[in-house]
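Trainee: Quick one: this structure, given as structure tokens, is what I'll be asking you about.
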Amino acid sequence: MDLTQGTPEEKIARSKKMMLWFGIGSLIMSFAGWISAFIVSAKQRKDKDWLSNYELPDAFFISVGVILLSSLTFILAKRAIKQNNRQMTTVWLLLTLGLGVAFIFSQLKGFSQIIDAGHYFTGPSSNITMSYIYIIASVHIAHVIAGLICILVVIYNHFKQKYNANNMLGLELAANFWHFVDILWLVLFLFLYFFRDII
């Protein structure tokens with residue numbers, strides 16, 4: 001495909017999509033670095049202060065379902081705008097936003113459950129294992145917040161009637177980023193859950 005062909009609008013759309021994928025690629029490398037550091041620390045500290053039998057909080061399990069459901073509602077919002085059904089687009093976008101906020105609250109509840117179990121981020125009651133989990137989850141929350149800001153912009157533009165079946169670039173970009181952070185949490189959660197049984 002020749003990226004130089006097409007109308008100016010098509011060229012702009014392609015460049016924005018490419019920039020998004022470059023950004024996602026850099027984020028993947030960043031989180032791969034965190035996971036690598038987690039694995040290396042586990043192997044180096046296994047016989048020292050590494051907590052190999054850690055339990056993930058129940059709220060983290062709930063957060064997986066919440067964020068995957070939010071991806072479904074965003075897909076339904078995209079389908080509704082393709083059908084020029086503005087009312088259902090509004091419903092699905094607001095549900096996606098609400099589920100995103102619920103995800104953050106479930107993560108914070110998870111942090112509270114970790115603290116209740118006696119694991120702090122720093123201090124005498126802290127350990128390197130749970131500190132890594134705090135960091136990985138917190139950095140992911142930061143990207144979820146960025147996704148929520150994108151959704152708010154999409155909702156604003158939707159109310160300004162910017163999107164329709166033939167013009168939905170902004171919505172598509174926000175949806176792709178949102179699906180990425182959703183899948184990212186699923187991958188991180190599965191890694192943290194199953195890795196404890198490997199080391």
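Trainee: Taking only DSSP H segments of four or more residues, each worth -39500 (n - 2.57), what value at 222 nm results for the chain once the sum is divided by all its residues, to the nearest 500 deg cm²/dmol? Let's see the in-between values first.
Mentor: Numbers: 5 runs with 153 residues, N = 199.
About -28000 deg cm²/dmol.
Trainee: A follow-up question, please. State the answer as a single residue: which of 91, 62, 129 lies farthest towards the positive end of the charge dipole of the chain, with beta carbon charges of +1 for Lys and Arg and -1 for Asp and Glu, about the Cα centre.
Mentor: Toward the positive end, the furthest listed residue is 91.
Trainee: Toward the positive end of the charge dipole of the chain, about the Cα centre and with charges on Cβ (Lys, Arg +1; Asp, Glu -1), which of 153, 163, 105 goes farthest?
Mentor: Going by the charge dipole, the pick is 163.
Trainee: Compute the long axis of helix 58-82 from its Cα atoms, compare it with the longest principal axis of the Cα atoms of the chain, and write down the angle in degrees, 0 to 90, nearest 10.
Mentor: Its long axis makes an angle of about 10 degrees.
Trainee: Then there is this: Size of the dipole of the stretch 8-195 about the Cα centre, Lys and Arg at +1 and Asp and Glu at -1 on the beta carbon, nothing else charged, in debye to 20?
Mentor: On the way: 15 positive and 9 negative charges, 139 e Å.
The dipole of the stretch 8-195 has a size of about 660 debye.
Trainee: List the residues, sorted by chain then number, that are 5 or more residues from residue 126 or on another chain and whose placed amide H is less than 5 Å from its amide H.
Mentor: Those qualifying (amide H under 5 Å, at least 5 residues apart or on another chain) are 120.
Trainee: For helix 169-195, what angle does its Cα long axis make with the longest principal axis of the chain, in degrees from 0 to 90 and rounded to 10?
Mentor: Once rounded, one gets 20 degrees.
Trainee: Determine ³J(HN,Hα), in whole Hz, for all residues of the stretch 146-163 in sequence, where each value follows from phi through the Karplus function 6.51 cos²θ - 1.76 cosθ + 1.60 and θ = phi - 60°; x replaces Gly and Pro.
Mentor: Karplus-based 3J(HN,Hα) across the stretch 146-163 equals 4, x, 5, 4, 4, 5, 4, 5, 4, 4, 4, 5, 5, 5, 7, 6, 7, 9 Hz.
Trainee: Would you mind checking the pairs 11/82; 109/160; 109/162; 82/160 and listing those with alpha carbons more than 25 angstrom apart?
Mentor: On the way: 11/82 21 Å; 109/160 36 Å; 109/162 37 Å; 82/160 16 Å.
Exceeds cut-off: 109/160; 109/162.
Trainee: Between the stretch 120-178 and the stretch 17-82, what's the alpha-carbon centroid distance in Å?
Mentor: So the separation of the two Cα centres works out to 12 Å.
Trainee: Putting +1 on Lys and Arg Cβ atoms and -1 on Asp and Glu Cβ atoms, find which of 53, 176, 29 reaches farthest to the positive end of the dipole of the chain.
Mentor: 176
Trainee: Let me spell out the model: positive unit charges on the Cβ of Lys and Arg, negative unit charges on the Cβ of Asp and Glu, origin at the Cα centre of the stretch 65-162. What dipole size does that give, in debye rounded to 20?
Mentor: Details: 7 positive and 1 negative charges, 134 e Å.
That gives a dipole near 640 debye.
Trainee: A follow-up question, please. Answer rounded, prolate or oblate for the stretch 77-166, using the Cα gyration tensor with square roots of eigenvalues a ≥ b ≥ c: rounded when a/c is under 1.5, else prolate when a/b is larger than b/c, else oblate.
Mentor: On the way: a/c = 4.58, a/b = 3.43, b/c = 1.33.
It is prolate, given that a/c is not under 1.5 and a/b is the larger ratio.
Trainee: Residue by residue, what Karplus-based ³J(HN,Hα) values in Hz, rounded to whole numbers, does the stretch 139-144 have, using 6.51, -1.76 and 1.60 with θ = phi - 60° and x for Gly and Pro?
Mentor: Result, rounded to whole Hz: 5, 5, 4, 4, 6, 5.
Here, each number is a calculation from the coordinates, and none is a lab measurement. No experiment lies behind these values; they were computed from the predicted model shown. FYI the Cβ positions are ideal-geometry reconstructions off the backbone, even for glycines, and counts take in every protein chain you see.
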